[in-house]
Amino acid sequence: MSAIADTNEGPNEVLKVLFALYPGYNTLDVAGPLEILSRSLHEPKDKSTKAFECQFVGPSAAMTSVQGLTIKADMDYEDAIDEIEDFDVVIVPGGEGVFEVIKNKLEPLNFLSKYVELQEKNPAKERTILAIDIGSLLLAQQGMLEGLAATTHPDYYTRLETICQEASTRDLSMRTDVMEERYVVNNARFDLGENPDDNPYIIKKSREGANMSHARRKSIARKGSNAWRESRRRESIARRASMPLGGMRVITTGGVTAGLDASLYLVASLVSHESALEVARIMQYTWVKGVTVDAIDV
């Protein structure tokens, strides 16, 4: 059963997040998003309203990062596939172990494909994959970025382009637009509408003589949890069904700290903009926003 309420009434429920681990993941790619999601509340002043429940999956009982941190897995990939319908968000960290996964076709590759297949079969539920750093290479390997835009660690732009081109040729599908951005969001919730510049996630146009490249409007965002419920309307489901990957939201990021920025975006879109700002304030972190492609979430 989904962690998201199926009705427009009642309390906000906890979103289920799964970290897809493998040997040699990057510590901050996991610890950063975990810190942000663990601090996120539906009501910023009420600690009983936690927004996310995080779990870990791995091919063995414990996964060790490149830096030596070991995390105990809550389940293996076989069990995760059995419970796959429960997860609202899947987070894929980067790390040197990515290349071993690709070389030997190891998990989480199969799990990621199963997650996409589920969304394509059942677009009624809004699901998200967040790939941090070179975790995006795993999505590219499985053809999940075909027809989308994506980014990765700057040292691996060319590698990402190569894998995407090979996947596109293999699957006879559309190319991937590799972008040099902090994070890139595909299949966001709403069409841009007539006035995209009125959205806080759209960069303002430059003013006379001023460098406004990172300036953004004050938030006018609707609460993310309410927007999530709106996304379950019939017209929203039909819209997702017509999109790539059944409308699954796909977020890729640049280097490790960009995972913090994308995680704050996730909080803003699924919980509320206010909650994301409060988490950033508590962590004394300056949120650097990325881009959304052809749509918006709030």
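Residue count for the range 269-296, restricted to those that are closer than 22 Å to LEU41 by Cβ, assigned to a loop (DSSP other than H, G, I, E, B) and either touching a His at 6+ places or on another chain (Cβ under 8 Å) or in contact (Cβ under 8 Å) with a residue 24 or more places away in the chain (or both): 6. Screening the range 241-298 for residues that are of a type in the set (Asp, Glu) and within 20 Å of SER136 (Cβ to Cβ) and picking the one that is farthest from the chain's Cα centre (by Cα) gives ASP294.
Taking first residues from the range 32-44 that are crowded, with 19+ Cβ neighbours inside 10 Å and partners that are of a type in the set (D, E, K, R) and not in a helix (DSSP H, G or I), the Cβ contacts under 7 Å between residues at least 6 apart in sequence or on separate chains come to LEU41/LYS47; LEU41/LYS50.
Listed here are the residues, each with its yes/no results for (1) closer than 20 Å to THR252 by Cα; (2) of a type outside the set (D, E, K, R); (3) in contact (Cβ under 8 Å) with a residue 24 or more places away in the chain.
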{"residue": "LEU69", "(1), (2), (3)": "no, yes, yes"}
{"residue": "ASP82", "(1), (2), (3)": "no, no, no"}
{"residue": "ASP88", "(1), (2), (3)": "yes, no, yes"}
{"residue": "PRO93", "(1), (2), (3)": "yes, yes, yes"}
{"residue": "ASN110", "(1), (2), (3)": "yes, yes, yes"}
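There is no residue in the range 151-162 that is closer than 15 Å to ILE81 by Cβ, in a helix (DSSP H, G or I), among the acidic types (Asp, Glu) and more than 14 Å from the chain's Cα centre (by Cα). THR64 meets all of the listed conditions (1) among the β-branched types (Val, Ile, Thr); (2) more than 22 Å from GLY255 (Cβ to Cβ); (3) touching a strand residue (DSSP E or B) at 6+ places or on another chain (Cβ under 7 Å); (4) surrounded by 12 or more Cβ atoms within 10 Å (Cβ to Cβ) but one, namely (2). Being touching a Gly at 6+ places or on another chain (Cβ under 6 Å) and either more than 24 Å from GLY255 (Cα to Cα) or assigned to a helix (DSSP H, G or I) (or both) is a description that does not apply to GLU100.
On the basis of being without any contact (Cβ under 8 Å) to a residue 40 or more places away in the chain, surrounded by 15 or more Cβ atoms within 10 Å (Cβ to Cβ) and among the aromatic types (Phe, Trp, Tyr), does PHE56 make the cut? Judged against the criteria, PHE56 is a match.
For the range 163-180, a residue qualifies if it is acidic (Asp, Glu) and over 21 Å from the mean Cα position of the chain (by Cα), and the qualifying residues are GLU166, ASP171. Pairs are defined by a Cβ separation below 8 Å, a sequence spacing of at least 6 or placement on different chains, a first member in the range 224-249 that is surrounded by fewer than 21 Cβ atoms within 10 Å (Cβ to Cβ) and β-branched (Val, Ile, Thr), and a second member that is in a loop (DSSP other than H, G, I, E, B) and at pLDDT 80 or above; the pairs so defined are ILE237/PRO123; ILE237/ALA124. So ALA124 clears everything in (1) surrounded by fewer than 20 Cβ atoms within 10 Å (Cβ to Cβ); (2) more than 21 Å from SER173 (Cβ to Cβ); (3) touching a Gly at 6+ places or on another chain (Cβ under 9 Å) except one condition, right? Which one? With (1) surrounded by fewer than 20 Cβ atoms within 10 Å (Cβ to Cβ); (2) more than 21 Å from SER173 (Cβ to Cβ); (3) touching a Gly at 6+ places or on another chain (Cβ under 9 Å) applied to ALA124, the lone miss is (3).
Looking only at residues of the range 163-185 that are in a helix (DSSP H, G or I) and touching a residue at least 12 places away in the same chain (Cβ under 8 Å), we find that the one that is farthest from ILE296 (Cα to Cα) is ARG170.
Of the numbered criteria (1) part of a loop (DSSP other than H, G, I, E, B); (2) at pLDDT 95 or above; (3) not aliphatic (A, V, I, L, M), the one LYS218 fails is (2).
Among the residues of the range 140-150 satisfying the criterion of being outside any loop (DSSP other than H, G, I, E, B) and buried (at least 24 other Cβ atoms within 10 Å of the Cβ), which is farthest from the chain's Cα centre (by Cα)? If we take residues in the range 140-150 being outside any loop (DSSP other than H, G, I, E, B) and buried (at least 24 other Cβ atoms within 10 Å of the Cβ), then ALA140 is farthest from the chain's Cα centre (by Cα). Filtering the range 275-298 to residues that are within 17 Å of PHE52 (Cβ to Cβ), crowded, with 17+ Cβ neighbours inside 10 Å and at pLDDT 95 or above leaves SER275, ALA276, GLU278, VAL279, ALA280. Scanning the range 68-116 for residues that are surrounded by 21 or more Cβ atoms within 10 Å (Cβ to Cβ) and on the phi > 0 side of the Ramachandran plot yields a count of 1.
The values are calculated or read from the model by the stated rules, or taken from the named source; none is laboratory data. This one's a predicted model, so the numbers in the text were calculated from it and none came from an experiment. FYI the Cβ positions are ideal-geometry reconstructions off the backbone, even for glycines, and counts take in every protein chain you see.
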